[in-house]
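The values are calculated or read from the model by the stated rules, or taken from the named source; none is laboratory data. Note that the coordinates shown come from a computational prediction; the quantities given were computed from them, not determined experimentally. Glycine gets a Cβ as well: all are built from the backbone with ideal geometry, and neighbour counts include every protein chain shown.
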Amino acid sequence: MFKKLFLEILKKPEGTRNVLNKRHMQGSTGSTGRKHMNLLAKSNKTDPNYPPCLTQLKNKPAGMSLLTSKEAETIKNLFHITDLEQRGSRNLGNTGITMFVKDNNYYIKK
């Protein structure tokens, strides 16, 4: 009786995580087209909201690209940038990419 009541208390209320779930080994096997069905960690999954311009620039040895206003806002929110206009340029984490403003346009450069 006490165990049943205790488990109901620990169950997941709306909007919070379940305390009883495992915190490790959560993953999926990825797409069905994979040759080996190894688990893919949550941290290695691709984020659909991650800007493709950053992914393309990460894969290149060097380069520069002009951002649209939507891409610029997404990157600002992703890297918590609020003072870009005052500072002139900001490094985007440890990616080796710099975001800057020139002639009222946003650019990223590696």
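Enumerate the helices (runs of 4 or more DSSP H) found wholly within region 18-110, keeping only those where 1 or more residues are of a type outside the set (A, V, I, L, M), over 17 Å from the mean Cα position of the chain (by Cα) and modelled with pLDDT of 75 or more. Correct list: 69-78, 84-87. Restricting attention to region 60-87, the residues being of a type outside the set (S, T, N, Q) and over 12 Å from Phe100 (Cβ atoms) number 12.
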